[in-house]
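Step one of this worksheet: look at the structure below.
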Amino acid sequence: MGEGYKNFETSVIHEGYDSKDHLGSLSTPIFQTSTFTFDSAEQGERRFAGNEDGYIYSRLGNPTVKALEERIAALEKGEAGLAFGSGMAAVSAVLIALTKANDHIVCSQGLYGCTFGLLKLMKEKYNIHHDFCAMDDEQVLRKTIQPNTTCIYVETPINPTMKVIDLRMVAKVAKEYGIPVVVDNTFSTPYLQRPLELGCDIIIHSATKYICGHGDVVAGLVVGKKDFIQGVSLTTQKDIGGIISPFDAWLLLRGLKTLPVRMDRHTFNAEKLFEKLKQHPEISNVYYPGDRTHPDYGIVESQMKQGGGLISFEINGTKEDAQKFLNSLKLIKIAVSLGDAETLIQHPATMTHSVIPEETRLKMGISNQLIRLSVGLESWEDLWDDIEQGLATLGNRFEIQI
Ligand SMILES: *Cc1c(COP(=O)(O)O)cnc(C)c1O
């Protein structure tokens, strides 16, 4: 569990690393090595038998990676952490660890596109079934749980509709059935939301996003109980092999140090843009977890520190209007991913969620006019100027028609 610094802002910088252990190096050294030498054949035997701590081979563990794993575990208030080469490597390692053929998973209604794709693959190839559940009603959730359900898999806020799920309620119901709750905490980061403290069991991150924060790494993280993490480390991670490189682990350790400062600024900017977007005639709906007038705001307030940096909104028009708006932007970049210093914008229906059949996608609330904005760290006024001039190009459409 690490040193246990009292405050998040200290843990995020110091947890899992002591310069005294590394010749005084302030920055965590990058152990860029594939393997580790043994002092003797007997030492090698002891390490393989698990009778002596120490490194063997970087797919099984690496000191730079270990510092990152200890840091994320401390930040999520979990017992142990594990780092992966991508968020999807983390998602797949966890779901494969928790299921076998003929098992069943209950999922939140709305998932990251590739998680949806993975569940489809698991159903088609291994007969592992899943059902979606809105998770806004205890009784409905209980009815969705089957005798062969082995885990509940939740995203909140949900990508990209920003719906929120009451994690305390889900954890309470799951306990009645003795099944673990897995939370994809990518959108919130442990700075804004710590599901383990609310009774959930396993955390997954696409560290590619806010944890890295600089758009230069693809990586994943998992946090949970020591036994579970050790099990994943020795089975689905060791044998499937989706590990992170020491250099990428180092970049994440570096990015993490500014997480609280960045999240405060992302949220500040998002709140400003949310207010502006809400009032604009070219926009029909705006979805933001920090919306104080939303009926679910009580849940947000009870489990999140702030609303975060992601906003979705619907253009008052068609798919083509949404694309025209994106094309008209000058400062904001058209790109998937999120959580970077740069403000990024994308069209879920044709990009991140294009693999989902249209009927299912529309039911999930992802319309053809929906746009997702990952608000960056720039001046919000410059961002609004860009959005406003982009929306003005849609206004011209009506004038031309008249
Ligand atoms: C990006 C993302 C993932 C997948 O992570 P990768 O690092 O791209 O593999 C999973 N869940 C959510 C919510 C994401 O945004």
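Some values worked out for this structure:
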item: Residue ID - farthest from Val375 (Cα to Cα), chosen from residues in region 280-294 that are part of a loop (DSSP other than H, G, I, E, B) and of a type in the set (Ser, Thr, Tyr); result: Thr293
item: Tally of residues being outside any loop (DSSP other than H, G, I, E, B) and either loosely packed, with under 15 Cβ neighbours inside 10 Å or modelled with pLDDT of 95 or more (or both) across region 320-371; result: 21
item: Residues satisfying the stated conditions in region 119-135, i.e. within 30 Å of Phe313 (Cα to Cα), assigned to a loop (DSSP other than H, G, I, E, B) and modelled with pLDDT of 95 or more; result: Met135
item: Flag if Gly213 is more than 12 Å from the ligand (Cβ to nearest atom), at pLDDT 95 or above, buried (at least 24 other Cβ atoms within 10 Å of the Cβ) and on the phi > 0 side of the Ramachandran plot; result: yes
item: The one condition in (1) touching a residue at least 60 places away in the same chain (Cβ under 8 Å); (2) outside the structural domain of Phe247 (by TED's automatic domain parsing) that Leu68 fails to fulfil; result: (2)
item: Gly50 over 26 Å from Leu251 (Cβ atoms) and modelled with pLDDT under 95; result: yes
item: Filter pass, Lys238 being at pLDDT below 95 and among the charged types (D, E, K, R); result: yes
item: Selection status of Leu221, part of a helix (DSSP H, G or I), at pLDDT 95 or above and among the aliphatic types (A, V, I, L, M); result: no
item: Those helices (runs of 4 or more DSSP H) lying entirely in region 8-91 with at least 2 residues within 16 Å of the ligand (Cβ to nearest atom) and under 27 Å from Tyr112 (Cα atoms); result: 63-75
item: Subset of region 1-39 (residues that are of a type outside the set (Phe, Trp, Tyr), surrounded by 11 or more Cβ atoms within 10 Å (Cβ to Cβ) and within 24 Å of the chain's Cα centre (by Cα)); result: Met1, Gly2, Glu9, Thr10, Ser11, Val12, Ile13, His14, Glu15, Gly16
item: Scope region 136-150; condition in a loop (DSSP other than H, G, I, E, B) and without any contact (Cβ under 8 Å) to a residue 12 or more places away in the chain; matching residues; result: Asp137, Pro147
item: Options Asp201, Asp216, Asp184: the member that is over 23 Å from Thr149 (Cβ atoms) and among the acidic types (Asp, Glu); result: Asp216
item: Members of region 298-309 found to be outside any loop (DSSP other than H, G, I, E, B) and either in contact with a helix residue (DSSP H, G or I) (Cβ under 7 Å, 6 or more places away or on another chain) or surrounded by fewer than 16 Cβ atoms within 10 Å (Cβ to Cβ) (or both), listed by number; result: Gly298, Glu301, Ser302, Gln303
item: Yes/no for Leu141 being touching a Cys at 6+ places or on another chain (Cβ under 8 Å) and more than 30 Å from Thr350 (Cβ to Cβ); result: yes
item: Selection within region 174-199 - within 16 Å of the ligand (Cβ to nearest atom) and either among the basic types (Lys, Arg) or part of a loop (DSSP other than H, G, I, E, B) (or both); result: Asn185, Thr186, Phe187, Ser188, Gln193
item: Tally, over region 148-162, of residues that are in contact with an Asp or Glu (Cβ under 6 Å, 6 or more places away or on another chain) and within 11 Å of the ligand (Cβ to nearest atom); result: 1
item: Residues of region 105-126 satisfying the condition of being more than 16 Å from the ligand (Cβ to nearest atom) and buried (at least 20 other Cβ atoms within 10 Å of the Cβ); result: Val106
item: Check on Leu198, touching a Leu at 6+ places or on another chain (Cβ under 6 Å), surrounded by fewer than 22 Cβ atoms within 10 Å (Cβ to Cβ) and not assigned by TED's automatic domain parsing to the domain that holds His266; result: yes
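The values are calculated or read from the model by the stated rules, or taken from the named source; none is laboratory data. If you're wondering where the values come from, they're calculated on a predicted model, not measured in any experiment. Because the Cβ atoms are built from the backbone with ideal geometry, glycine has one as well, and the counts that use them run over all protein chains shown.
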